[in-house]
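Below is one structure, written out as structure tokens; comments come after it.
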Amino acid sequence: MAHIPIRECIACGRKFLKSEMLRVVEKDGVISIDFGSKAEGRGAYICANPSCRQTAMERRKLNRAFRKNVPETVYESIREELENAGE
């Protein structure tokens, strides 16, 4: 039986298939969206629900996931990346 990776959404706490989620990664102090889910570093997952993405940004859920204060500029760049990607 093949292993099916499951991850938990940092906004709603529900579990989904890894392939259905957006991964945000932190490596060497740089935080970015990992569209390919292959980048090295600590990752946090957000489900496809637009309200979860909004909640993660509004409630600063990445701060807890990465165990540090994430600057507002990072949240803004993630919002822009999502808008430019058409998600």
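The values are calculated or read from the model by the stated rules, or taken from the named source; none is laboratory data. Note that the structure is a prediction, hence the values are computed from the model and not measured. Positions of Cβ are generated from backbone atoms using ideal geometry, with glycine treated the same way; all protein chains shown enter the neighbour counts.
Screening residue 37 on (1) out of contact with any Cys (no Cβ under 8 Å at 6 or more places or on another chain); (2) among the polar types (S, T, N, Q); (3) more than 19 Å from residue 17 (Cβ to Cβ) shows it passes everything except condition (3).
Listed here are the residues, each with its yes/no results for (1) of a type in the set (Ser, Thr, Tyr); (2) part of a helix (DSSP H, G or I); (3) in contact with a helix residue (DSSP H, G or I) (Cβ under 9 Å, 6 or more places away or on another chain); (4) surrounded by 12 or more Cβ atoms within 10 Å (Cβ to Cβ).
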{"position": "37", "(1), (2), (3), (4)": "yes, no, yes, yes"}
{"position": "44", "(1), (2), (3), (4)": "no, no, yes, yes"}
{"position": "48", "(1), (2), (3), (4)": "no, no, yes, yes"}
{"position": "51", "(1), (2), (3), (4)": "yes, yes, no, no"}
{"position": "55", "(1), (2), (3), (4)": "yes, yes, yes, yes"}
{"position": "70", "(1), (2), (3), (4)": "no, no, yes, yes"}
{"position": "75", "(1), (2), (3), (4)": "yes, yes, yes, yes"}
{"position": "78", "(1), (2), (3), (4)": "no, yes, yes, yes"}
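Each row is one residue, and each column tells you yes or no for (1) small (Gly, Ala, Ser); (2) at negative phi.
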{"position": "5", "(1), (2)": "no, yes"}
{"position": "8", "(1), (2)": "no, yes"}
{"position": "16", "(1), (2)": "no, yes"}
{"position": "25", "(1), (2)": "no, yes"}
{"position": "37", "(1), (2)": "yes, no"}
{"position": "44", "(1), (2)": "yes, yes"}
{"position": "53", "(1), (2)": "no, yes"}
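Sub-7 Å Cβ pairs linking a first residue in the range 24-46 that is free of Cβ contacts under 8 Å to residues at least 60 places away in the same chain and under 16 Å from residue 78 (Cα atoms) to a second residue that is of a type in the set (Gly, Ala, Ser) and outside any strand (DSSP E or B), at least 6 apart or interchain, are 25/39; 25/41; 26/41; 27/39; 27/41; 44/65; 46/11; 46/56, ordered by first then second residue.
With the requirement that a residue be of a type in the set (Phe, Trp, Tyr) and modelled with pLDDT of 90 or more, what does the range 30-51 give you? Correct list: 45 only.
Looking only at residues of the range 5-35 that are surrounded by 12 or more Cβ atoms within 10 Å (Cβ to Cβ) and basic (Lys, Arg), we find that the one that is nearest to the chain's Cα centre (by Cα) is 23. Tallying residues that are buried (at least 18 other Cβ atoms within 10 Å of the Cβ) and either among the charged types (D, E, K, R) or assigned to a loop (DSSP other than H, G, I, E, B) (or both) within the range 57-68 yields 1.
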